[in-house]
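Input: a single structure, listed below in structure tokens.
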Amino acid sequence: MAGIKHYRAFQIEPDGHVFGCINLVCDDEQAKREAASLVLVHRIELWRLDQRIAKFDAPLELAHR
């Protein structure tokens with residue numbers, strides 16, 4: 001259980017506003033995989049405490065709709 005941490009995956013509108021947050025409790029690599037899988041139309045930013053861990057952009061053809 002030592003590798004288990006709390007993360008937040010924020011859903012970001014194209015204009016930069018946060019409109020949703022998904023809590024993740026897992027290890028580092030699983031958190032990145034789960035956050036990447038959340039990208040449908042909006043950008044996802046994965047955070048742990050006050051540090052951004054990763055950013056996953058929406059596909060370009062969907063982001064401009």
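Couple of notes before you dig in:
- Burial ranking of peptide ranges 39-49, 20-30 (average Cβ count within 10 Å, highest at the top): 39-49, 20-30
- Calculated translational diffusion coefficient of the chain (25 °C, 0.890 mPa s; Stokes-Einstein with Kirkwood radius over alpha-carbon pairs) equals 205 µm²/s.
- Helix-only mean residue ellipticity at 222 nm for the chain, each DSSP H run of n ≥ 4 adding -39500 (n - 2.57), per residue, nearest 500: -5500 deg cm²/dmol
- Accessible area per residue (1.4 Å probe, heavy atoms of protein chains only) ranks F19, F10 as F19, F10, with the largest value leading.
- Solvent-accessible area of K5, all protein chains in place: 60 Å² (probe radius 1.4 Å, heavy atoms, ligands and nucleic acids excluded).
The values are calculated or read from the model by the stated rules, or taken from the named source; none is laboratory data. In this text, all values refer to a predicted model and were calculated from it rather than measured experimentally. Every residue, glycine among them, receives a Cβ derived from its backbone with ideal geometry; neighbour counts consider all protein chains shown. With ligands, DNA and RNA removed, areas are computed over all heavy atoms of the protein, side chains included. Shrake-Rupley method; radii C 1.70, N 1.55, O 1.52, S 1.80 Å.
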